[in-house]
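Below: the structure, in structure tokens.
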Amino acid sequence: LLVQAMNTASDEEISLKLLKLLQENPELTQREMNHRMGVSLGKINFCISALARKGMIKIERFKKSENKSAYMYRLTPEGLEELANLTIRFLKLKIREYHRIKQEIKTLSEQVKAAGLDPGDEAMLIEDLKK
């Protein structure tokens, strides 16, 4: 796993999003990552440090940049593998959530029908979800 301290579903989701973002945009600043992901700058810094410590990313300075604090974050082969593994785990989690929500919608729909209530405009959506 990425880091023992980063083992919640939320942390894994942040790691997944961050790795995907860095794969597509290795030159982003941590502030830009913060804005794009909606995660605190401190959390971004913590995650970047953890990813680098675990060998998932390599941090390089831009040699020709006038801004000496400009970095590039490159995914390593281990980072690409972790990205694939996180993607699979996140997909499985979302599929389980989808099935749970679908069952919840079915139960609520049955309760609405049993009470003789009109579900309104959502009736067609509810029928589609039952399929």
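Data overview
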read-out	value
Full-extension gain in nm, D118 to E60, via 0.36 nm per residue minus C-alpha separation	14.9 nm
Distance-filtered residues of the stretch 8-38 - backbone nitrogen under 12 Å, label point 7 angstrom along I95 Cα→Cβ	none
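Values in this text are rule-based calculations from the coordinates and carry no lab data. Quick caveat: nothing in here was measured; it's all calculated off a predicted structure. So basically every Cβ, Gly included, is an ideal-geometry build from the backbone, and we count neighbours across all protein chains shown.
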